[in-house]
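Structure, as structure tokens:
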Amino acid sequence: MIIEIGHFSVIVALVLSVFGMASAVLALKTRNPDWARSGRMAVTLIFFLLSVGMLSLVYAFITRDFSVLYVANNSNSKLPFFYTVAAVWGGHEGSLLLWVFILSLFSTLAVWLHWRTQPAIMPYLIAVESAVMFGFLCLIVFLSSPFERLLPVPLDGKDLNPLLQDPAMVMHPPMLYMGYVGFSIPFSFAMAALFSGRLGEEWIKVTQRWTTFAWMCLTTGILLGGYWAYYELGWGGYWGWDPVENASFMPWLVGTAYLHSVLVQEKRKMFKVWNLFLIIVTFSLSLIGTFLVRSGVLTSVHSFATDPERGLYILLFVGTVIGIAFGALILRSNKLKSQVEMDSLISRESIFLFNNLFFLVAAATVFLGTLYPLILETLQDAKVTVGPPYYNAVFMPIALGLLFLMGIGPYIPWRKASIASLKKSFSLPLLAGAVMVILLLVTGIQNLYALAGSYVVAFAGMAIVLDFGKISQLYAQRNGSNIFQGGLAAFTANQRRYSSMITHIGVLVLVVGIIASTIYQTEKVVSMRVGDEFAIGDYRMKLTNIHEVAGGNWNAQEGVFQVFKGENLITELRPQKRIYAATQTPTTESAIYAINMGHIFLTMPEVSEDGVAVARGVLNPLILWVWGGGVIMGLGVILNILRPRKKEE
Amino acid sequence: MNKGWQLTLVLILLGLFALFYKGLWGDPRHIPTVLIGTEAPNFEGPDVETGQTISLAQFKGKVVLLNFWASWCYECKVEHESILQLHQLFKDHPDFVMLGVNYQDKLPDAQHYLQQYGTTFSHVRDLKGQLAIDYGVYGVPETFVIDQQGKIRHKWVGPITGEVYTNITQKVIAPLLTSQPATRTS
Amino acid sequence: MRMRLTLWLVVLLAVPVSLFAAVQDETNLDIQVREIAKTLRCTVCQTENIWESGAPLAQQMRGVIRERLALGHSEAEIRAYFLSRYGDYILMEPPKHGVNWLIWVAPFLLLLIGGFFLYKEVTHWVRDTPTPPSQPLPPLDDQARKRIEHELES
């Protein structure tokens, strides 16, 4: 019964989304604020109705109501409670519902938050958000409903995919969707700007926090996905350039370009069309990503059953949204002759443009790589794989270029930089890079990428430190305080800038982690019996026991490995080979020990019946820097969002 | 934005739309084979039912249909009836041989499968997967047609049912068998 | 490897386990298998190489690599064998020939073309922007004060 209430709520939400669009259009036509208000009511009601829909599904999962097809397909009587809630978005239908639920939440928040200050924009916002919700709700109601009943009622469910039974995977989809959907708010404001012809800087300033928030969610979502892959998939890597991963990475890249490029418009009132273009591309890529993942056009580990009809619907819907957005941009850009004032090639605005170029080329590379097999197959019936070796090879130079620009951009003045000021700002960072390279060469590191990467990281890091040191000193002098108080004063005086610098530092830390853990990873695979040991790096792993353990819905063989460094016992690692009961799916559970900012990563992929275990040890140096960098980036972004409002904003 | 950029943008968007549209109807499992026209690799293996050694070489000069299957494979059960029907159709032709290849399977399971669903031709066991890898097999079921000269002429991934059945019997096997006297001399 | 394991098995049936505890290590063969396996795609998985994949086909392919290495085949020969059976699809990256060159150079081509256009455009804008009357550089103290004020207001 409850599930029918949920189903009904979602259908009503669909009807209301049409009403929302209609009242928004009427509000624009008649200029009667009552229509706008009823549009606001529609959006708010949609949010409540979708909450009911979500809750009814959660209820069905918690009560293990296997008469609901979606519940029967994605859970099981033995599935732990924690994961029954997460199972709501464990499958195709539920994750679409989550998508549109988050969209309705954000739309409602945006409408109420900006109602007073941006009355002229609101009808457009309501129209765009309702339209996108309408598209997704149609998909849910007509083509992939999570509310279908199943007759006869099965005794038990099929269980949630064991790989998804993991804490990181519980948070990964909501975070990712909050990122995708978060970009819909600046997108709606951009559409409002295009349709209303108010192409000033206002929409950018108003949506700046939304953009930053969306970017943070997307970043967190991507990192969580990587973290999950790292310890759940059992090969010790965190990024496989899988089409689904790429689908989330592309909007991130263009979104990051947009995040930077809006600064130019805020400060110098230039590149209006360009910023509109970037936000449209960002949101389009979010939608295309959803299409790629949900339609089965690209087969991937995560891919869902191919269903051309469903795919065709998503394609038409996504195509319509993108077509309207770009159409409006093209028509409007004819009327928009933006005055560009550029004093010098060596200026911050110019660096931002090159930053944008690099980000867009990076996004285009991922896009092309992801679609290339499809293109080739369509054109000449050949099939190739575009895998990690390709991306690693072509991405490295682009990433280095970006990092280099990151070291320059924030410290070069707007308008024009003089040679003298360039020397002053960058001679020390350049030197720092050189010193770093020499240090690494002395310690015996010869890999070209490692050296180039370290050079750029040291350069960019030094530039940040130098700049902040100088400004702290100036504040300290002015206030007559010590340098730390000066630093604090400087930070609070321009929290937006310096919180961004924290994010930049996070990026540098992350990059160091990536370089170290990809280039200097060591692994060893050996077959052994209880009592045997193997050595990897400075460590010895001794298999002392293999025994059976059982969880709620799985059984496992657990290997007990003692880890020694020299003669000292450091720790005990217990990797498992699990079999999930309901689906008989095997998974490999890794055991990890953190040491010296790196990981000892151990899996036991096979145990034969006669007791021979295959053990796989991996040393991932500095891998903690990858996750630590992510945390620092997040900290920077949070400080950015929470900065006190200034009068002009 | 000038005209040139606008046009480029529109063209890119249209191109993408067309690509995605075509991609929707494509079969993601379709993989063009490189083996058509090449020498069929020889193999040797025990018969699933009798244990006697079967090799491809002993059928030299005949049209051989190889069907890869496994007892755990759902689509193999789907095609099983039409596979038997296909054998019925050509089995009286002196130059036609049909062989099943049991892939990644346990012997008792495979034997049980054959007893349960019935069979009229022999099946080779692929013990270490070497045979399947030699034939570039991706999964089961997969079907190959080898001509009298020992060249691979046709490959199909997926069950042989419906249109595929008509195609393979009428357009692939039948012409090979009728053209046989002319080509045999070579 | 497999030989050694069965040998162990035979011995272990009779003797207590702990007596035979030993240091296990990878052989050169193991390392070679890994190097090759990492460049080949598990065809039944998605974008996963046969080293990382746990699929039975991947396992058998690793077995084939091992056997062929033991027979004295070179790395290139083994890769060529898989290529002849499965086509370009088996490689983890598009082979650098024919139309595939396009995807290998595209990122750099885009960077170059984009960079060229951007450079031209920017210099064009710079030329069209009237230069502000040049002012003598203020002394350092002034500059510093100005920066603080600027920071405060931005």
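The values are calculated or read from the model by the stated rules, or taken from the named source; none is laboratory data. Keep in mind that what you see is a predicted model, and the values were worked out from it rather than measured. Positions of Cβ are generated from backbone atoms using ideal geometry, with glycine treated the same way; all protein chains shown enter the neighbour counts. Note: areas computed on protein heavy atoms with side chains; ligands, DNA, RNA excluded. Shrake-Rupley method; radii C 1.70, N 1.55, O 1.52, S 1.80 Å.
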On the given criteria, is residue A:447 open to solvent by 70 Å² or more (accessible area, probe 1.4 Å) and modelled with pLDDT under 95? no
For residue B:131, indicate whether it is surrounded by 15 or more Cβ atoms within 10 Å (Cβ to Cβ) and over 15 Å from the mean Cα position of the chain (by Cα). no
Given the conditions (1) outside any helix (DSSP H, G or I); (2) open to solvent by less than 40 Å² (accessible area, probe 1.4 Å); (3) closer than 28 Å to residue A:273 by Cα, which single one is not true for residue A:364? (1)
Considering only residues that are polar (S, T, N, Q) and outside any strand (DSSP E or B), look in region A:593-649 and name the one that is surrounded by the most Cβ atoms within 10 Å (Cβ to Cβ). A:640
Region A:450-486, subset without any contact (Cβ under 8 Å) to a residue 24 or more places away in the chain, more than 13 Å from chain C (Cβ to nearest Cβ) and farther than 27 Å from residue A:520 by Cα, residue surrounded by the fewest Cβ atoms within 10 Å (Cβ to Cβ): A:480
Looking at residue A:210 and the list (1) surrounded by fewer than 23 Cβ atoms within 10 Å (Cβ to Cβ); (2) over 30 Å from residue A:575 (Cα atoms), which single condition is not satisfied? (1)
Can you report the number of residues in region B:118-130 which are at pLDDT below 90 and either touching a strand residue (DSSP E or B) at 6+ places or on another chain (Cβ under 6 Å) or assigned to a helix (DSSP H, G or I) (or both)? 2
Keeping to region C:66-107, report how many residues are open to solvent by 30 Å² or more (accessible area, probe 1.4 Å) and part of a helix (DSSP H, G or I). 18
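Being open to solvent by less than 30 Å² (accessible area, probe 1.4 Å) and touching an Asp or Glu at 6+ places or on another chain (Cβ under 9 Å) is the filter; apply it to region B:111-128 and report the residue that is farthest from the other protein chains (Cβ to nearest Cβ). Full working, then the answer.
Applying the first criterion (open to solvent by less than 30 Å² (accessible area, probe 1.4 Å)) to region B:111-128 yields B:113-114, B:118, B:121, B:123-124, B:126.
Applying the additional criterion that residues be touching an Asp or Glu at 6+ places or on another chain (Cβ under 9 Å) yields B:113-114, B:123-124, B:126.
Details: B:113: 18, B:114: 21, B:123: 19, B:124: 16, B:126: 9 Å.
So the residue we want is B:114.
Kindly check whether there is at least one residue in region C:93-109 that is farther than 29 Å from residue A:536 by Cα, more than 23 Å from the chain's Cα centre (by Cα) and of a type outside the set (D, E, K, R).
Of the residues in region C:93-109, the ones farther than 29 Å from residue A:536 by Cα are C:93-109.
Next, from what is left, pick out any that are more than 23 Å from the chain's Cα centre (by Cα): none.
No, region C:93-109 contains no residue that is farther than 29 Å from residue A:536 by Cα, more than 23 Å from the chain's Cα centre (by Cα) and of a type outside the set (D, E, K, R).
On the given criteria, is residue A:500 part of a helix (DSSP H, G or I), in contact with a helix residue (DSSP H, G or I) (Cβ under 9 Å, 6 or more places away or on another chain) and within 14 Å of chain C (Cβ to nearest Cβ)?
Values: part of a helix (DSSP H, G or I): yes; in contact with a helix residue (DSSP H, G or I) (Cβ under 9 Å, 6 or more places away or on another chain): yes; within 14 Å of chain C (Cβ to nearest Cβ): yes.
Against the criterion (part of a helix (DSSP H, G or I), in contact with a helix residue (DSSP H, G or I) (Cβ under 9 Å, 6 or more places away or on another chain) and within 14 Å of chain C (Cβ to nearest Cβ)), residue A:500 qualifies.
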Need at least 2 residues that are crowded, with 20+ Cβ neighbours inside 10 Å and touching a strand residue (DSSP E or B) at 6+ places or on another chain (Cβ under 6 Å) per element, so show me which strands (runs of 3 or more DSSP E) inside region B:18-72 make the cut, counting only ones lying wholly within it. B:63-69
Of the conditions (1) at pLDDT below 85; (2) away from chain B (no Cβ under 12 Å); (3) more than 20 Å from the chain's Cα centre (by Cα), residue A:293 satisfies every one except a single condition; which number is it? (3)
Being of a type in the set (D, E, K, R), under 39 Å from the mean Cα position of the chain (by Cα), surrounded by 14 or more Cβ atoms within 10 Å (Cβ to Cβ) and under 28 Å from residue C:31 (Cβ atoms) is the requirement here; does residue A:540 meet it? yes
Out of the residues in region A:321-354 that are touching a residue at least 40 places away in the same chain (Cβ under 8 Å) and polar (S, T, N, Q), state the one that is nearest to the other protein chains (Cβ to nearest Cβ). A:333
Just the residues that are part of a helix (DSSP H, G or I), modelled with pLDDT of 90 or more and either surrounded by 24 or more Cβ atoms within 10 Å (Cβ to Cβ) or touching a helix residue (DSSP H, G or I) at 6+ places or on another chain (Cβ under 6 Å) (or both), please, taken from region A:58-82. A:58, A:59, A:60, A:61, A:62, A:70, A:71
What are the residue pairs meeting all of these: first residue in region A:380-397, first residue under 18 Å from residue A:245 (Cα atoms) and facing chain C (nearest Cβ under 7 Å), second residue β-branched (Val, Ile, Thr) and open to solvent by 10 Å² or more (accessible area, probe 1.4 Å), Cβ atoms under 6 Å, and 6 or more apart or on different chains? A:387/C:47
